Amino acid sequence: MLRNKSLGGLKTTSLFVVLALASFGPGAAQAQATPDTSKMPWMNKALAPDERANLVLGQMTLDEKIQMVHGTGWGVLRKGAPISARSNFGAGFMAGIDRLNIPDINLADSAVGIRMAAYQSRYSTLLPSTLGAAASWNPDSAFLYGSVIGRELRAQGFNMSIGGGVNITREPRNGRNFEYAGEDPVLAGTMTGYLMNGVKSQHVMSDIKHYALNDQETGRTVVNVLLDKKAMRESDLLAFEIAIGISDPSGVMCSYNLVEGDWACENDYLLNQVLKKDFKFKGWVLSDWSATHSTVKAALNGLDQEMPGDDNYFGPPLKKAIESGQVPMARLDDMVHRILRSMFAAGVVDDPPVRTVVDPFRGLEEAQHIAEESIVLLKNDHVLPLKASQSSSIALIGGHADVGVLSGGGSAQVDAPGGNAIDPRSGGSVWGKPVYFPSSPLKFIHQKTPQANIQYIDGQDKAAAARLAKSSSLAIVFVTQWMSEGHDSPTLSLPDDQDALVEAIASANPNTIVVLENGGPVSMLWAQHVKGIIEMWYPGIGGAQALSNILFGDVNPSGKLPVTFARSDADLPHPIVPGLDPVSKTTLEDHQDKVRPFDLRYTEGARVGYKWFDAMNKQPLFPFGFGLSYTNYAYSNLTVDDTQRTVHFTVRNTGSSEGTEIAQVYVALPAAAKEDYKRMVAWQRVKLAPGESKAVTLKLDPLYLSVFDTDKNAWQLLSGDYKVMAGASSRETPLQATLHIQP
């Protein structure tokens with residue numbers, strides 16, 4: 001969502017709240033009335049959501065219908081904006097219809113936890129970044145992730161989440177990659193779909209965003225994305241198709257950018273033809289905040305609700321368009337029906353939220369569990385796991401590892417309990433400033449080895465840090481990359497000269513481990529000079545506990561990369577972020593008025609991430625699907641059943657520790673597909689005791705094997721020979737077989 005930098009963290013919210021008590025149409029006057037539901041047939045739970053919606057719709061006036069298709073202004077997000085007395089002080093609000101027992105919709109930013117909790121003295125669990133959660137490759141953990149968010153939304157009085165980002169990592173320097181689920185549409189769509197099911201399990205409406213091709217922040221409100229329909233359907237839109245098919249979300253949020261010349265929020269192809277017709281999406285399309293650009297065109301081309309509402313295209317102008325016949329009443333009815341049926345389907349009418357106290361201990365335990373599955377061991381030159389020792393001395397350097405762990409910014413920013421760990425102050429998080437959560441690596445590493453001599457230094461003085469490292473038996477360097485909505489990183493390199501810090505420490509101490517806290521892929525010129533590399537992402541409120549368990553072997557790392565790590569920007573399809581001036585660092589956040597409209601042609605097409613590296617025969621720093629363990633695994637006995645389209649193979653733990661391997665299956669399509677890359681089509685987490693073997697059977701979904709035929713506007717499963725590969729990553733597939741598909 002678009003946010004205003006001048007908010008300054010909304011520290012004075014209580015001083016400028018204006019209660020707009022009577023601005024929401026006919027329903028507002030009866031805000032305190034208790035309707036007689038016995039005379040409302042739509043309150044019969046035995047009826048289907050669509051039938052219940054139709055019954056309500058038949059009783060609504062034109063004004064009540066208009067009331068439901070727009071929000072009520074920026075509220076707490078913009079100084080001086082009106083706030084309803086019934087608002088829950090979240091990111092958005094839509095007034096309900098009291099006389100019909102249709103509740104308000106209170107929406108909250110909740111990508112990795114609930115935003116803006118501090119202003120009402122609430123607590124919200126900070127979960128690991130969704131990119132980190134995707135590194136678990138575990139749909140069950142994704143469901144747990146969503147259920148934590150849904151449970152805490154209900155506890156705070158919200159009935160809709162506006163998280164659910166599924167934009168693939170087409171641009172690895174995108175400031176919001178940490179909110180998304182990686183570069184592969186099958187993995188991203190699956191993980192996001194299960195996450196949304198977790199939200200829905202708590203009777204909270206879910207949302208998937210940003211639809212579509214909103215893959216960078218630079219120029220996001222002016223960029224015109226150019227990509228052919230075949231490539232769209234096989235990449236970005238496939239992720240949405242999978243996620244929507246799994247979760248049937250209440251809402252899909254359309255994005256700021258243009259696609260092939262039309263704004264995403266009034267794009268007939270995206271909204272009407274693909275989303276509603278091809279995907280059979282039953283919920284409603286809501287705009288990103290102020291991403292609506294018209295009344296008639298937007299309504300006819302598929303937008304169902306304008307948010308937040310202050311532009312008011314769907315207020316009086318839409319009513320006028322209905323009365324003049326420019327927009328048919330049937331279209332307005334469809335808009336309202338989609339909202340109503342989603343409310344009934346999610347249970348927010350029959351089982352509305354009941355405020356209670358969030359359980360922070362339960363949330364922390366769940367966040368820590370997800371983090372332990374998300375952490376990826378990228379390098380281990382016989383240095384891990386660590387052993388507690390009285391004689392050891394450990395230097396902890398950088399990353400504010402003495403007090404906390406980093407979180408991502410923007411509308412995904414969760415307020416830290418007690419305030420920012422590096423700058424604790426009263427009030428909520430300040431937009432545009434990094435926030436650290438009070439999960440101290442120093443504290444929890446010390447708990448693992450209380451007799452060791454552990455010293456922390458911030459790393460600002462490289463020479464002093466090198467001296468401490470040289471005098472220690474082990475050095476652990478924490479490097480950070482703060483990312484946020486509103487800007488992209490200009491490069492894959494770490495900011496603030498941290499690469500030089502790592503080089504200095506590695507030169508001083510051969511036993512150096514680097515811990516990454518980052519929003520997306522980074523380059524590592526020093527990778528060959530250190531003994532260990534741990535990818536921690538933004539690990540959430542239980543991050544330091546999870547890290548210490550990984551470091552000392554209480555948890556065997558099992559995470560694998562959901563994104564490719566390139567060696568340098570030069571290896572990317574776009575070496576410079578499109579629209580970003582590498583000299584002035586012009587970004588949306590800093591110079592909105594200087595980013596002029598521009599076309600962005602994705603010449604790589606559907607070849608995103610590892611597919612690009614395969615097609616270009618480039619060697620990545622760390623490939624998609626890669627991750628090490630404290631044990632070893634062997635693959636054998638690959639067979640394929642052509643009739644059932646199943647793959648069978650064996651995974652064996654050849655080491656001495658229990659572990660969980662993420663076994664992956666890739667397929668190269670027949671020559672007729674004209675693809676110069678392979679596709680990841682299936683995977684399974686396999687837990688194995690030392691010496692144990694397990695047979696793995698995976699069914700291949702025809703959709704993941706198909707190509708999109710634009711002439712027929714349909715997926716096509718080609719006949720021919722498919723090369724099936726199984727192994728530990730996209731670049732390690734020792735098993736190969738052939739799947740035959742007949743015409």
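Key figures for this structure:
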read-out	value
Extreme residue, positive dipole direction of the chain, given options ILE534, LEU468, GLY283 (C-beta unit charges)	LEU468
Net charge dipole size for the chain [Lys, Arg +1 and Asp, Glu -1 on Cβ; Debye, nearest 20]	640
Placed amide H near VAL405: partners under 5 Å, 5+ positions off or other chain	PHE437, SER439
Of MET483, PRO702, ALA452, farthest towards positive along the dipole that unit charges on Lys, Arg, Asp, Glu beta carbons give the chain	ALA452
Extension gain (nm, one decimal) between SER693 and GLN447, 0.36 nm per residue minus Cα-Cα	85.0 nm
Interchain or long-range residues, amide H under 5 Å from GLY165's placed H	LYS209
Chain lengthening between ASP496 and ASP228 when straightened (0.36 nm per residue, less Cα-Cα)	92.6 nm
Contour minus Cα-Cα distance for LYS433 and LYS674 (0.36 nm per residue)	82.1 nm
Electrostatic dipole magnitude of segment 631-741 [Cβ: Lys, Arg +1; Asp, Glu -1; Cα centre; debye, to 20]	160
Computed over segment 360-551: relative contact order in percent, which uses C-alpha pairs under 8 Å that are six or more apart	33
For PHE565, distant residues with modelled amide H under 5 Å away	LEU621, PHE622, PHE624
FRET efficiency estimate (nearest 0.05) - Cβ-Cβ, ASP351 to GLN716, R0 41 angstrom	0.45
Mean ellipticity per residue at 222 nm, deg cm²/dmol - from DSSP H runs of n ≥ 4 across the chain, formula -39500 (n - 2.57)	-6500 deg cm²/dmol
Order by protection proxy (mean Cβ within 10 Å, highest first), peptides 440-446, 694-700, 544-550	544-550, 440-446, 694-700
Ordering of 711-720, 161-170 by packing [mean C-beta count within 10 Å, highest first]	161-170, 711-720
Of the DSSP H helices in the chain, those whose Cα atoms cover at least 18 Å axially and whose Kyte score averages 1.0 or more	none
Answer label, with semi-axes √(5λ) of the Cα gyration tensor in Å calculated from the coordinates and candidates (1) 61, 26, 25; (2) 43, 38, 23; (3) 42, 31, 24	(3)
For peptides 391-398, 231-238, 351-358, sequence by mean Cβ density within 10 Å, most packed first	231-238, 391-398, 351-358
In sequence order, calculated HN-Hα J values of segment 391-406 (Karplus, 6.51, -1.76, 1.60; Hz; x Gly/Pro)	8, 6, 10, 10, 9, 9, 10, x, x, 6, 5, 6, 10, x, 10, 6
Distance between segment 447-466 and segment 668-740 - C-alpha centres, whole angstrom	46
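Quick note: the coordinates plus some simple rules give every number you see, no bench work behind them. In this text the structure is predicted, and so the values were computed from the model without any measurement. Because the Cβ atoms are built from the backbone with ideal geometry, glycine has one as well, and the counts that use them run over all protein chains shown.
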